[in-house]
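Inspection log for the structure reproduced underneath, given as structure tokens.
The values are calculated or read from the model by the stated rules, or taken from the named source; none is laboratory data. Since this is a predicted model, take the numbers as computed values, not measurements. Using ideal geometry, Cβ is built from the backbone for each residue, glycine included, and neighbour counts are taken over all protein chains shown. Heavy atoms of the whole protein, side chains included, go into the accessibility calculation; ligands, DNA and RNA do not. Shrake-Rupley method; radii C 1.70, N 1.55, O 1.52, S 1.80 Å.
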Amino acid sequence: MIRVAAGILAATVIATSCASAGTAHTSLGLRPVLTGLDSPLYVAAAPGQKNALYVVEQIGDIKVAVNGKLRARRFLDIRSQVTAGGEQGLLSVAFHPKYAKNHKFYVDYTDTNGDTRVVEYRSVGYVAVKRLRQLLFVKQPYANHNGGQLQFGPDGRLYVGMGDGGSGGDPQNNAQNLSSRLGKLLSIDVNARKPAVQIAGYGLRNPWRFMFDKPTGDLYIADVGQNAWEEVDYTPRVSPGLENYGWRVYEGTSRYTPGQEPNSIGHLVMPVTTYSHSDGCSITGGYVYHGSAVPALQGRYIYGDYCSGKVWTLQIENGKAVGVRQEAINVKSLSSFGLDATGELYAVSLAGTVYRVTG
């Protein structure tokens, strides 16, 4: 990816025999591991901590489970600084690749004015102790489409998913406008004394979870659609230039805005797979699985839908999605997937439960 400088969501689990997209589904299961949470949105592991799992709650705090048991003391509590509800709140956390030594981590949240902030903190043990600096501030024109995912890329930079600013249909054309940070995939060199924000991709509506596959460095983005189509975008680590993922010119592979052409800077990237709103209404992206507990998922990317709870997996071969299949699990209010320190897979329900995906 070429970068350009930028100036500027009790859980019910239902095992079903689901129809698949040309390939029979595997037998997956869900085992509750954490319950009674307050609108959990994300789970993550910190480098150097083998038995800890961090849970982001939308209200503005992060809890940590050690050896499967939630600690009484919160890891981070910024509830007084966060507007939560709908698509707003504390949206994700990312740990520095050298967290075991520097104890730095990063959060993305909507502040009391509803604007996006990405902030760097330092921890001691299982408690955040110091706010270090703000890395990003983006004014939000509406309350929805805040994106919010943070991930470190294979280049060591922190990547930030930004929605198009909200309302409906991207009325200000933010996603195609390279002068705006809305509707973008941004990157930040957190190791720099004065980090600059760069655009790594654009043409996004509301990227609700993206990930970099560790073995390959390839990028997967789940981008929430408008009225008809949900999509998964894929970009290999080595790509020909700045990626334009198409919104608001396209929704999925279909034309959305008549008469508008994509921004000509960079190159247009169409989704590798889509599904219609007959199967759901809001995609939730996951991870490429490289754990050992579920061999049938090895090397497959998992994603699902917040509204229907349906879950699918796919593989990428020669830049194309193959073997797309619906899996035999269903997660009510699916807000996220996550990985623990050993690479095992979890599913998060906004209704308050974190599940481990089993074979």
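List of remarks:
- Extent of the chain along its three principal axes (Cα atoms, max minus min coordinate, largest first): 56, 51, 35 Å.
- Taking 7 Å steps out from each Cα toward its Cβ at Gln298 and Lys101 produces label points 3.3 nm apart.
- Carbon/sulfur fraction of accessible area - the range 59-128, other protein chains in place, 1.4 Å, %: 46
- Ligands, DNA and RNA excluded, the heavy atoms of Lys63 present near 50 Å² of accessible surface to a 1.4 Å solvent probe.
- Sorted largest first by accessible area at a 1.4 angstrom probe radius, with every protein chain in place, the residues Met211, Met270 fall in the order Met270, Met211.
- Full extension of the chain between Ser254 and Asp155 gives 32.4 nm of extra length, using 0.36 nm per residue less the Cα-Cα distance.
- Straight-distance crosslink candidates among aspartates and glutamates, where the alpha carbon sits under 12 Å from Lys214 and sequence neighbours closer than 8 are dropped: Asp155
- For the range 161-251, the mean projected area of the C-alpha convex hull, equal to one quarter of the hull surface, is 6.5 nm².
- q = 0.16, 0.20, 0.21 Å⁻¹, the range 43-196: log10 I(q)/I(0) [Debye, one scatterer per Cα]: -0.87, -1.27, -1.37
- 1.4 Å probe accessible area per residue over the range 75-141, in Å²: 41
- Rounded to the nearest 20 debye, dipole of the chain from Cβ charges on Lys, Arg, Asp, Glu: 1360
- When the listed pairs Lys50/Lys139; Lys101/Lys194; Lys101/Lys184; Lys139/Lys310 are checked against a 26 Å cut-off, the alpha-carbon distance exceeds it for Lys50/Lys139; Lys101/Lys184; Lys139/Lys310.
- Applying 1/(1 + (r/R0)^6) with r as the Cβ-Cβ distance of Arg79 and Ser276 and R0 = 41 angstrom yields a FRET efficiency of 0.60.
- Straight Cα distances below 14 angstrom link Lys130 to the aspartates and glutamates Asp77, Glu120, with same-chain residues fewer than 8 positions distant left out.
- For the range 210-359, alpha-carbon Rg relative to the globular expectation (2.2 N^0.38 Å, N residues): 1.05
- For the chain, the mean residue ellipticity at 222 nm estimated from helices alone is 0 deg cm²/dmol, where every DSSP H run of n ≥ 4 contributes -39500 (n - 2.57) and the total is divided by all residues, rounded to the nearest 500.
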